[in-house]
Amino acid sequence: MDFKFRTSCKYKSDEELMVLIARGKEKAFNEIYQRYSKKLFLFFYRKLYQDKDYAEDFLQNLFLKIIEKAHLFDTEKSFSSWIYSIAYNMCKNEYRKNGSTKEISLNIEELKHNLTFPSNLSDKTDLTLFKKKLDIELNKLDEKHNLTFTLRHLDNLSIKEISEVMDCSEGTVKSRLFYTTKKLSEKLKNFKAIKI
C-alpha cells in the first residue's frame, strides 16, 4: 500500500500533490521537494549573494511555508508560479531588510548550458572573456529585466508563469525578454556566433 501511494505521487501533478500536502500526506510533500528543491536552491543562491548557507536557509524556510500554507494554495493556479512568487517575495523582503536593492550576478557557469556556443569558441580564453563580458552586462540590468531573464532562461518558467510571479502581463514579460536579449546581443556583438 505504501509503495503504491509513493509510486502514484510521481505521476500526480504539482497541484494534485498540494491537495495531498494540505491533508498532511508526507510522501506528497517529499515529491514536491524532490521536484523543486534544486531549482529553488539555485534561484536563492543567485539572488542572495551567492551564499550557500543563506540559500539553504531560505530554501528550508520556503518549504516550511509550503507545509504551513498548503491550504491557501488555489489548485486552479499553477504551482510553479505560486512557489516562485513566494521565493521572489522572500528575496525582496531580504533586500528591504538589508537596505539594499543590489542583485548578485547570475551564475555564468549555469548560463552556458542555456546558450549555444559555436565549435570555434572552444578556446578557453575566448570562452572566459565571453562569460566575463556577459556577467558584466547582466549586472547592468535592472531587477525586473534580470529576474525575467533568470526565470525564463535558467529556471525554464513559461511566459505565463513569469507573468504570475512578477504580477505583470504576458506582453510585459515578452517585452522585457525582447529588450534584454536585444541589449545583450548588442553588447556582445563581438561574439557573433553565440546565440543568446
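Read-outs throughout are calculated quantities, based only on the coordinates presented, and are distinct from any laboratory measurement. Since this is a predicted model, take the numbers as computed values, not measurements. Note that we place each Cβ from the backbone using ideal geometry, even for glycine, and neighbour counts take in every protein chain shown.
Evaluate the relative contact order of segment 4-70 (contact order divided by residue number), counting alpha-carbon pairs under 8 angstrom at least 6 apart; express in whole percent. About 30 percent, as a whole number. The peptide list 34-43, 89-98, put in order of mean Cβ contacts within 10 Å with the highest first, becomes 34-43, 89-98. The slack between GLU56 and SER13, meaning 0.36 nm per residue of separation minus the straight C-alpha distance, is 12.9 nm. The simple spin-label model puts a point 7 Å past each Cα toward its Cβ; for ASN156 and GLU186 those points are separated by 3.2 nm. Quick check on my link table: of LYS52/LYS189; LYS25/LYS77; LYS47/LYS133; LYS65/LYS133, which ones sit more than 31 Å apart, alpha carbon to alpha carbon? Over 31 Å Cα-Cα: LYS52/LYS189; LYS65/LYS133.
When the inverse distances between all different Cα atoms of segment 146-185 are averaged and flipped, the Kirkwood radius reads 9.8 angstrom.
Placing R0 at 35 angstrom, the Cβ-Cβ distance between GLU68 and LYS174 gives a FRET efficiency of 0.50 after rounding to 0.05.
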